[in-house]
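Data block below; observations after.
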Amino acid sequence: DRPHTARISIELLADELVVNQLATQCRRLLGVQAVKIFDEETCIRREIALIKVRAADHGTRDEIIQMTNIFRGHIIDVDKESLTVWVFGSQSKNAALIQMLEDFGILEIAKTGTIAIERGRSTIYDESKLKEEYEYGKNVL
């Protein structure tokens, strides 16, 4: 929503001390405008997965299509010997679909990392650096 600004989500398993240390280090970087720590209860986390599955006959294709529909995924490419499935959802949902598709023979998987946004009215910009603080880095370089 802001031109020339990229958003990066970092997901890590660590204790509170390490998470706060990482956030502090990121805040010190000149080009960083804001750092916000999300917890699982107050944010929405999703990922995208593309899964290419072996599907040589009609029966197999039908099963894969039905399974994909149950997980609210989409078939985005069809070949004589494979189907490519697109699914968007929580990490556990996508992992469950991948596990189900393994029986057919997965040829390839491509996944995004986790993206996250806080629930409710609060935004990442609520904790952004002061304009002077952010602009300082531009003038020093």
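Computed values, structure above
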{"read-out": "Residue match in segment 27-41 (condition: in contact with a strand residue (DSSP E or B) (Cβ under 6 Å, 6 or more places away or on another chain) and either within 30 Å of GLU81 (Cβ to Cβ) or not in a loop (DSSP other than H, G, I, E, B) (or both))", "value": "yes"}
{"read-out": "Test: residue in segment 13-34 that is loosely packed, with under 13 Cβ neighbours inside 10 Å and within 27 Å of ALA110 (Cα to Cα)", "value": "yes"}
{"read-out": "Meets criteria (surrounded by fewer than 15 Cβ atoms within 10 Å (Cβ to Cβ) and either touching a helix residue (DSSP H, G or I) at 6+ places or on another chain (Cβ under 9 Å) or small (Gly, Ala, Ser) (or both)) for ILE10", "value": "yes"}
{"read-out": "All strands (runs of 3 or more DSSP E) inside segment 48-141 with 3 or more residues being aliphatic (A, V, I, L, M), surrounded by 13 or more Cβ atoms within 10 Å (Cβ to Cβ) and modelled with pLDDT of 95 or more", "value": "82-89, 106-111"}
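The values are calculated or read from the model by the stated rules, or taken from the named source; none is laboratory data. As the structure is a prediction and not an experimental result, all values here were calculated from the model. In this analysis, Cβ positions are derived from the backbone assuming ideal geometry, glycine residues included, and neighbour counts consider all displayed protein chains.
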